[in-house]
Structures are given as C-alpha cells and as structure tokens.
Amino acid sequence: MSHSSKLSLSQAILINVNIMLGAGIFINTIPLAKSAGALSPLVYLLVGLLMLPLILSVSKLLKYYPGGSFYTYGTSSLNSFWGFLSSWSYFTGKLASSTLMIHFCIKILQALIPQLAFINIFLLDASVIITFTLLNLLNLKTGSRIQYSFMFFKLIPILFVILTGIFIFNGTAFTTNLKWDGLTLAIPLVIYAFSGFEACCSLSRHIENPEKNAPIAVIVSFLIVVCLVTLYQLFFYTSTSEAISNAVDYSQALPLLVNKLNFNNLAIYIQNIFQIAISLSALGGAYGILFSNNWNLFILAEHKHVFFSDIFKTLNKNNIPIFCVITEAIFCIFYLILSKGNNIILQQIAAFGCILSYTISVLSLVALKSDKLLSFLALGSCLILIVFSIRSFLNTDYLPFFVFLAILGTGAVMFFINRKRSL
C-alpha cells in the first residue's frame, strides 16, 4: 500500500475517538445518573483506571508487532487458534456495537421527523447499513475524511453540556444522592462506552510508521475520551440533578438541560438540533467500526482460516476487501433480527466480544514474559470485565449470550476444518 494512502497519526486518533464517542455516552446519561447518582461521573474514572493496564498492554503489543492485529498477537505468543479466536470474537462482537448505534440514530430521527415514523424502523436500519457498506468500498483516505464530518456533529452536544454546565454548576448536587451500591451496576454500561480504543489494532498495517504511531494513537484517544465523558456526565448531573428522577431514557437528557436555560420559544428548535447532532454522532461511531473492522476478517482469510478464503481476500480498485465489507452488513442485519433493536442486548454482545479479544491479547503479552506486573494487572482487569459482562447477561437475557457462543463455536469449527484441509 502506498504511503499516500496510509493513515496519519491524527487520523488514527480520530478513528479511535470517533468509535469510542459513539452512542454509549448519550445512551448512558440517564441510566448512569439514576444508578449511581452523584457518583455517576466517578464510574467513568473508575472504569478508566480499571482499563488503563489493558490500554498500556495493547500499546505494548503494537510496539512489539508493528502492523500487527488481534490475530498477530494471539498467534505469535500463543498459537494460531487463539489468534483466530481473538480476531473472530472481535470481528463478530464489535458489529453488534455498530448495529446499536445505527438503530439508536434511527429512533431519534423517527421521533424528530414524523414522516419517518411511518416507515418500519428495521427497514431504515437496513438502508443505513447498505449505505455504509457502499461508502466503505471507497479508499481509506476518503473514509477518514467522512469521519471528520461525523466528529464535528459529535462534539456539538458534548461541548454544549460541558460549557453550559460550567456556568450553571450546582455544587449541592454532591451533598445528596450518593448511590454507592449503584456503582457496580453501572460499570457494565461504561465498559461498552470505552470500547473502541483498540481500532488501531485492526488498522495497524494501514497507519504511517505503525511502530510509533499506533501505540500513541491508542493511549491519546483513550485519555481524550475519558476526560470528555467524565466532564460530560459531571456537568450534566450537576446541572439537572433535581429533575433526573423524572427522566425515562436518553431522549429526555438534553431537554432537561435546555429547559433550565429558559430559551422559551427557541427551546424546541435547540433540542432538535442537539438530537440531530447526537444521531449523527451515533452514525459516526457506527461508520468508524464498519470502516476499520472488515480488516479483521480479511486477515483471517489471508491465513486461510475461513471458508472461501480466496473470495474474502478479493480487493476492489480502492484496495478494500469487498466481500469482508458485505459480510459486516450481513452480521449487522442478523443482530437486528436477534435483538429486535434492544439496546442492552446489543451492548452486551459487543462488550463480551471485545473483552474476550482483549483477554487473549493480554495472555499473549503474559506469554512474552515482558513487563510481568503490567501484563498481570491487565489480565486481572480482563477477568473483572468478563465477570461483569457475564453477570449482565444473566441479569437480563440468556439467549443472546448463547447465540454469541454459538457464533464463536461455529468459527472454531470452521478454523479446525480449514486447518485439517491444509495439512
């Protein structure tokens, strides 16, 4: 791939931030505030600290294996099966996240545009998925420019909450409603919101000077997002704490803040602008995932671990693996059918798929016997995340958990069949 078609450090950071600042920050606004009360901003910091060893471990792996991927990490230090499982788990699980963001966006747009409410929401979801599939067949530079546009809309509501919150900050919000028992219940929500830092692992081979830039992109993007989401939740809560108990879901979050500013007749228009910005922000996150994730399947095809590997290795004139991109769309539509648009189910699948991949990657760092303290701290973080993730499934619905296990099992069978053929 020519140097001109590779991603710069700033573009790699943008992609990571764009994915992490998807729908999670907005979906979580009200549930976090209700679960943990005045401690809700603290949840982001706690999970950020919990994931820090993991972030540093991933950045180390990117240094050890410049241009590598989840498959590279698992295979180089463990064996090809663990590399396959890591990449397959991430590829299939992460697509639940893009599905969630698209569905979240369409729900907002249907509420804002009455004409859209008459169209079946799943038909609209599928239309967006197909549109993104076509956009992702363009070259990497074009894709990164599209993400700049999404990032602009994403920052509008976030910066509005932070800047407004500074001026109407209410310190008394911290004197009551400290829900310590709600911290553990809120953690799984935040795990989902922080996933996405690892997008550089999928795109590492396409980043300029990957040995240096990929690890920097992971750490910088993670720190940017931790700061933004913590400040967002902090100033939202302190500005609206007395009215949060009456809110039902995310759609009522920004209206609570706008109504406090006494914009009178302009309030409804301002709310609509922010809701549109939020919906576009979710679309940006979904696009970022679909933009980067197809390379995980391509890598598995390169090593002949999937059926019809030669087909999946086919590149179009823009050097994009066309059938890998199409497979992403098929998985997204499958997740829509499975979840029926349930946000929690899609969050759970996405989080579990990513956590499993993180864990295998950390195990590969443990096997390298380099920086034992960091690798074991990261492994401890992964085990805690797995416990919270499985607990979340058990508290809601078993079916998605077993369906995802079936996807992993099907992948494992495919791996061993292909390995036997190659012997």
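The values are calculated or read from the model by the stated rules, or taken from the named source; none is laboratory data. From a predicted model like this one, the values you see are computed outputs, not experimental measurements. Cβ placement follows ideal geometry from the backbone for every residue including glycine, while neighbour counts extend to all protein chains displayed.
Brief remarks follow.
- Boolean, L383 is more than 25 Å from F84 (Cβ to Cβ) and among the hydrophobic types (A, V, I, L, M, F, W, C): no
- The set of residues in region 289-319 that are part of a loop (DSSP other than H, G, I, E, B) and among the aromatic types (F, W, Y) comprises F307, F308.
- Any hit, region 362-385, residues being touching a residue at least 12 places away in the same chain (Cβ under 8 Å), touching a Gly at 6+ places or on another chain (Cβ under 7 Å) and assigned to a helix (DSSP H, G or I): yes
- Candidates I106, I129, I146 - the one that is among the hydrophobic types (A, V, I, L, M, F, W, C), assigned to a helix (DSSP H, G or I) and at pLDDT below 85: I146
- Only one entry in I311, I320 is aliphatic (A, V, I, L, M), over 21 Å from the mean Cα position of the chain (by Cα), within 24 Å of I417 (Cα to Cα) and surrounded by fewer than 23 Cβ atoms within 10 Å (Cβ to Cβ), namely I311.
- Reported count of residues in region 95-120, each being without any contact (Cβ under 8 Å) to a residue 40 or more places away in the chain and small (G, A, S), is 1.
- Test: K420 is assigned to a loop (DSSP other than H, G, I, E, B) and of a type in the set (K, R): no
- Residue-level check: of (1) touching a helix residue (DSSP H, G or I) at 6+ places or on another chain (Cβ under 8 Å); (2) among the β-branched types (V, I, T); (3) surrounded by fewer than 21 Cβ atoms within 10 Å (Cβ to Cβ), V387 misses just (1).
- For region 374-422, taking the residues that are at pLDDT below 85 and polar (S, T, N, Q), the one that is nearest to the chain's Cα centre (by Cα) is identified as S389.
- Scanning region 74-99 for residues that are more than 20 Å from I326 (Cβ to Cβ) and in a helix (DSSP H, G or I) returns G74, T75, S76, S77, S80, F81, W82, G83, F84, L85, S86, S89.
- Scanning region 69-110 for residues that are among the small types (G, A, S) and within 20 Å of the chain's Cα centre (by Cα) gives S69, S86, S87, S89, G93, A96, S97, S98.
- The sole residue among L54, L45 that is surrounded by 18 or more Cβ atoms within 10 Å (Cβ to Cβ), in a helix (DSSP H, G or I) and touching a residue at least 12 places away in the same chain (Cβ under 8 Å) is L54.
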